[in-house]
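Peer 1: Just passing along the structure, written as structure tokens.
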Amino acid sequence: MANRLPVDRIEMPDGSTAWRRSPGGLVTALAPVMQGHHGAWIGWTGSADEKLDPFDDNGMHLVPVMLSAEDVQLYYEGFSNATLWPLYHDVIVAPEFHREWWESYVAVNRRFAEAAADAADDNADVWVHDYQLQLVPAMLRRLRPDVRIGFFLHIPFPPTELFAQMPWRRQILDGLMGADLVGFQRPGAASNFARLARNRMGLRTRGDRIHLPDDRIVRAKAFPISIDVNELEHIARQPETTARAAEMRQEVGNPTHILLGVDRLDYTKGIRQRLRAFGELLDEKRISVDNAVFIQVATPSRERVEQYRVLRDEIELLVGRINGEHGRIGTPAINYLHTSYSRTEMAALFRAADVAVVTPLRDGMNLVAKEYVSTRYDDTGALVLSEFAGAADEFRQAFLVNPHDINGMKDTIVDAMNTDERQLGRRMKAMRKHLAAHDVNVWAQNFLKALHDED
Ligand code: ADP
Ligand code: G6P
């Protein structure tokens, strides 16, 4: 179960409704896993006040949980995305703490726990996903002591000093301790959690095991998530995709280098820092619009949360300024697209890009980096990657950057553009080899196996 179902219900211009794939990395990773298993996906449809019966879509059985307009405002936009999201991402913007939001978070988590308790067979495995549902494990255990409960956090788990700001820190730790296994993206996150168990809850820990007073053991471990590697590579290899990628290159004026950014429009992604770096390279004439064009695709996200509105305005102002100074008629320096694309269009964009620029200030994993690598079947292309993304643990051959260091980022982008093909090929090959051996199905198998490990 996750806050969101893998599909969103959307209104069409003619007033009818349709289903569309939901945004974000959680859905990208889990949809192929769930298509290969039987079992239900419990979650919200993305619209307020919608009560729907369970239904099947794309080989998955989906069980909707209703959120009222008030739940959306307080639990989803409020506590999940204006308290937890910034707190867990290194306080890039200030988290807000409101008691009303917390109360709604508790109530909605209870609703999800009840939905899981209703849907699960005897002794079933229930896998709870992400920061929106951290109280569910303990609530569900009380309702259904027979089920095995796994929890996976897709985003970072913060250092203990930051977590300590949370007024309801004890309740959140108690909620997570209801699971048999708590999975994180990086080993450091698992040790932050174990440290809190020791220092704030007085629990004994040994290796990845946390000992509870009732003799139960909770394990906390890293399971770096991945993608369905073959899916996007398969699309990338289609002749239509190659043709579309060539067409895109023509459309942006056939430059020597296309640089690409693909993100939800989120302040954690470092979009502003990367565009500033690009703009300064143009200012300093280290590159020009004839040899380098930036395509930035930014999917709209959480648009009613204040910090996301502020970000959108800032990015649009910056793009306008850079294009005004450096663009030519028909050739803007930055092609900025505030839209969501199909998988085919996405694969073509990745194929068209000579340099993927993935520079989050903090990111649990970052699947865009993995998607780019999966489409480079001919070992071409360069990946510029932030050290602060989980993916940097695995892609040591990427051009690693600190996105806070604009000068360093400028030098690395230029370096990525100027590195010769053979060297790029060696780096890409190594990354592709790693990715091929660490597919999302391997991730799911490892997690589920650990959930059943008794030793
Ligand atoms: P997050 O989970 O924070 O959104 P990830 O990089 O892990 O970040 O995952 C983002 C997912 O959303 C990827 O599968 C990516 O392809 C997809 N995505 C991002 N931007 C767009 C877009 N404009 N159109 C379609 N899909 C997008
Ligand atoms: C990230 C989070 C997911 C979330 C997704 C999209 O991937 O880890 O839990 O679903 O972003 O965000 P949204 O708020 O639109 O669900």
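Peer 1: Return the pairs, sorted by first residue and then second, in which the second residue is at pLDDT 95 or above and hydroxyl-bearing (Ser, Thr, Tyr), the first residue lies in the stretch 143-154 and is surrounded by 22 or more Cβ atoms within 10 Å (Cβ to Cβ), the beta carbons are less than 6 Å apart, and the residues are 6+ apart or on different chains.
Peer 2: none
Peer 1: Is there a residue being in a loop (DSSP other than H, G, I, E, B), within 13 Å of ligand 1 (Cβ to nearest atom) and without any contact (Cβ under 8 Å) to a residue 12 or more places away in the chain anywhere in the stretch 303-312?
Peer 2: The answer is no; no qualifying residue exists.
Peer 1: Among the residues of the stretch 289-326, write down those that are over 23 Å from GLN73 (Cα atoms), over 19 Å from the mean Cα position of the chain (by Cα) and either at pLDDT below 95 or β-branched (Val, Ile, Thr) (or both).
Peer 2: Hits for the stretch 289-326 are VAL289, ASP290, ASN291, VAL293, ILE295, ILE315, VAL319, ILE322.
Peer 1: Right, something else. So LYS221 passes all but one of these: (1) within 30 Å of ILE295 (Cβ to Cβ); (2) crowded, with 18+ Cβ neighbours inside 10 Å; (3) under 22 Å from the mean Cα position of the chain (by Cα). Which condition number does it fail?
Peer 2: (1)
Peer 1: Residue by residue through the stretch 395-431, note down the ones that are charged (D, E, K, R) and in contact with a helix residue (DSSP H, G or I) (Cβ under 6 Å, 6 or more places away or on another chain).
Peer 2: LYS410
Peer 1: In addition: From (1) under 27 Å from PHE184 (Cα atoms); (2) touching an Asp or Glu at 6+ places or on another chain (Cβ under 6 Å); (3) not in a helix (DSSP H, G or I), pick out the condition that doesn't hold for ILE258.
Peer 2: (1)
Peer 1: Can you tell me which of (1) within 23 Å of PRO95 (Cα to Cα); (2) in contact with a Lys or Arg (Cβ under 6 Å, 6 or more places away or on another chain); (3) away from ligand 1 (no atom under 16 Å from the Cβ) is the one LEU281 doesn't meet?
Peer 2: Evaluating LEU281 over (1) within 23 Å of PRO95 (Cα to Cα); (2) in contact with a Lys or Arg (Cβ under 6 Å, 6 or more places away or on another chain); (3) away from ligand 1 (no atom under 16 Å from the Cβ) leaves (1) as the failure.
Peer 1: Let me ask something additional. Taking the stretch 38-60 as the region of interest, how many residues are part of a loop (DSSP other than H, G, I, E, B) and surrounded by 14 or more Cβ atoms within 10 Å (Cβ to Cβ)?
Peer 2: Qualifying residue count, the stretch 38-60: 7.
Peer 1: Let me ask another. So which residues in the stretch 267-285 are part of a loop (DSSP other than H, G, I, E, B) and over 13 Å from VAL358 (Cβ atoms)?
Peer 2: GLU284, LYS285
Peer 1: Against the definition (among the polar types (S, T, N, Q) and not in a loop (DSSP other than H, G, I, E, B)), how does SER226 come out, yes or no?
Peer 2: no
Peer 1: Give me a count of the residues in the stretch 11-27 that are in contact with a strand residue (DSSP E or B) (Cβ under 8 Å, 6 or more places away or on another chain) and away from ligand 1 (no atom under 14 Å from the Cβ).
Peer 2: Residues in the stretch 11-27 being in contact with a strand residue (DSSP E or B) (Cβ under 8 Å, 6 or more places away or on another chain) and away from ligand 1 (no atom under 14 Å from the Cβ): 5 in total.
Peer 1: Inside the stretch 94-164, counting only helices (runs of 4 or more DSSP H) that do not spill past its ends, which hold 3 or more residues that are closer than 14 Å to VAL182 by Cα?
Peer 2: Qualifying helices (runs of 4 or more DSSP H): 136-143.
Peer 1: Pull out all pairs, ordered by first then second residue, where Cβ-Cβ is under 6 Å, the residues are six or more apart or on different chains, the first lies in the stretch 18-33 and is touching a residue at least 12 places away in the same chain (Cβ under 8 Å), and the second is within 11 Å of ligand 2 (Cβ to nearest atom) and β-branched (Val, Ile, Thr).
Peer 2: PRO23/THR299; ALA29/ILE225
Peer 1: Determine, yes or no, whether ASN366 is touching a residue at least 12 places away in the same chain (Cβ under 8 Å) and either surrounded by 15 or more Cβ atoms within 10 Å (Cβ to Cβ) or among the hydrophobic types (A, V, I, L, M, F, W, C) (or both).
Peer 2: Yes.
Peer 1: Let me ask something else. Of the residues that sit in the stretch 1-20 and are surrounded by 15 or more Cβ atoms within 10 Å (Cβ to Cβ) and not in a loop (DSSP other than H, G, I, E, B), which one is farthest from ligand 2 (Cβ to nearest atom)?
Peer 2: Checked the stretch 1-20; the qualifying residue farthest from ligand 2 (Cβ to nearest atom) is TRP19.
Peer 1: Any idea which of (1) without any contact (Cβ under 8 Å) to a residue 60 or more places away in the chain; (2) outside any helix (DSSP H, G or I); (3) crowded, with 16+ Cβ neighbours inside 10 Å; (4) within 16 Å of ligand 2 (Cβ to nearest atom) is the one VAL289 doesn't satisfy?
Peer 2: Against the list (1) without any contact (Cβ under 8 Å) to a residue 60 or more places away in the chain; (2) outside any helix (DSSP H, G or I); (3) crowded, with 16+ Cβ neighbours inside 10 Å; (4) within 16 Å of ligand 2 (Cβ to nearest atom), VAL289 comes up short only on (4).
Peer 1: I'm trying to understand the selection: among the residues of the stretch 284-302, which are within 16 Å of ligand 1 (Cβ to nearest atom) and closer than 17 Å to ALA416 by Cβ?
Peer 2: Within the stretch 284-302, PHE294, ILE295, GLN296 qualify.
The values are calculated or read from the model by the stated rules, or taken from the named source; none is laboratory data. Just so we're clear, the structure is a prediction, and the values are computed from it rather than from any experiment. With ideal geometry, Cβ positions are generated from the backbone for all residues, glycine too; neighbour counts draw on all protein chains shown.
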